[in-house]
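The values are calculated or read from the model by the stated rules, or taken from the named source; none is laboratory data. Quantities reported herein were computed from a predicted structural model and do not represent experimental measurements. All Cβ positions, glycine included, derive from the backbone under ideal geometry; neighbour counts span all protein chains shown.
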Amino acid sequence: MPPPRSTSHVQPIVTVRDLTKRYGRLTALSGVSFSVYPGEVLGLIGPNGSGKTTLFECVAGVLPADSGAVSVDGRVLDVRGRASSLFYLPDAIAPWPAQTVSWALNFTLGYFGGRVERKEEVVERLALRPILESPIGTLSKGERKRAVLAIGLLTPHPVLLVDEPFDGLDLRQSREVGTTLRVHAGEGRTLFLSIHQITDAAHVCDRFVLLSAGRVRGEGTYDELARIAASEHHARAPRDLEDVVLALT
């Protein structure tokens, strides 16, 4: 697990306040509030059906929220205003399926104005060279996941939201992707990741937002959340992140 990062003297780059989303009588998100800090890897963790994807879609502006606000650098922004700061990669997508991986990367750089010199590094780190000339629609699940992640990493947006970045990857690939994400965060990119696998989250994330039944159950570093879990349940300190998640969600 990465060493704890202090956020006590840092202003958030993204602030979410009282975000609520309903589908008829079902409340998918209820008063969700949390902050994302510059250069951190923030993990969104929760059980299936907790509202993680809905939260990402509302923050990114893909889905309209019923109430609440999203601020970037202290300014409340509408969907159009967020588009230049937040880039969202949904899970299980295959953009431009008839085009090659190389075409998609070049198009991304040209359209969004990303750093061209970064392409080779991303290709090498995500082991994309063998599939550069393959159409995206022909890729396996793991290959497509790495190709789509490369697209996101080549955009210039300060904040990248990724839904399930490790889904479909084997152990070695997960480690390589995790290392790549940490490198980009170390260079100032802010990453907000929805992660199903607790082990992957523990390896790559600085802090966590725990979501259950559409509500935030905890936000902080592992140590901060572990203290909350022990206090609320009057038990000994949790052994690992899995214990924390089970206790709080």
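Among the residues of segment 133-145, is any in contact with a strand residue (DSSP E or B) (Cβ under 6 Å, 6 or more places away or on another chain) and either surrounded by 21 or more Cβ atoms within 10 Å (Cβ to Cβ) or within 23 Å of I45 (Cβ to Cβ) (or both)? No, segment 133-145 contains no residue that is in contact with a strand residue (DSSP E or B) (Cβ under 6 Å, 6 or more places away or on another chain) and either surrounded by 21 or more Cβ atoms within 10 Å (Cβ to Cβ) or within 23 Å of I45 (Cβ to Cβ) (or both).
A98 meets the conditions (1) touching a Ser or Thr at 6+ places or on another chain (Cβ under 9 Å); (2) within 30 Å of E133 (Cβ to Cβ) in every case but one. The failed one is (1). Every condition in (1) touching a Pro at 6+ places or on another chain (Cβ under 9 Å); (2) over 23 Å from V245 (Cα atoms) holds for S194 except the one numbered (2). For segment 188-196, indicate whether the set of residues that are surrounded by fewer than 21 Cβ atoms within 10 Å (Cβ to Cβ), of a type in the set (A, V, I, L, M, F, W, C) and part of a loop (DSSP other than H, G, I, E, B) is non-empty. Scanning segment 188-196 turns up no residue that is surrounded by fewer than 21 Cβ atoms within 10 Å (Cβ to Cβ), of a type in the set (A, V, I, L, M, F, W, C) and part of a loop (DSSP other than H, G, I, E, B).
Looking at G46 and the list (1) closer than 13 Å to L211 by Cα; (2) at pLDDT 95 or above, which single condition is not satisfied? Condition not satisfied by G46: (2). Total residues in segment 96-117 satisfying the condition of being closer than 11 Å to I151 by Cα and buried (at least 16 other Cβ atoms within 10 Å of the Cβ): the figure is 7. Can you say whether R144 is in a helix (DSSP H, G or I) and at pLDDT 95 or above, as far as the supplied structure shows? Spelling it out, R144 is indeed in a helix (DSSP H, G or I) and at pLDDT 95 or above.
Assess whether L181 counts as being in a strand (DSSP E or B), in contact with a strand residue (DSSP E or B) (Cβ under 9 Å, 6 or more places away or on another chain) and outside the structural domain of L128 (by TED's automatic domain parsing). Answer is no for this residue.
For G152, state whether it is under 20 Å from Y88 (Cα atoms), in a helix (DSSP H, G or I) and in the same structural domain as A98 (by TED's automatic domain parsing). Before you say what the answer is, go through the steps one by one.
Details: under 20 Å from Y88 (Cα atoms): yes; in a helix (DSSP H, G or I): yes; in the same structural domain as A98 (by TED's automatic domain parsing): yes.
So G152 passes the test.
When only residues in segment 208-249 that are among the β-branched types (V, I, T) and modelled with pLDDT under 95 count, which is farthest from D18 (Cα to Cα)? Top of the filtered list is V244. Screening F87 on (1) closer than 30 Å to L132 by Cα; (2) at pLDDT below 95; (3) within 16 Å of the chain's Cα centre (by Cα) shows it passes everything except condition (2).
Checking H196, H184 one by one, the residue that is within 23 Å of V123 (Cα to Cα) and either touching a residue at least 12 places away in the same chain (Cβ under 8 Å) or in contact with a Gly (Cβ under 6 Å, 6 or more places away or on another chain) (or both) is H184 and no other.
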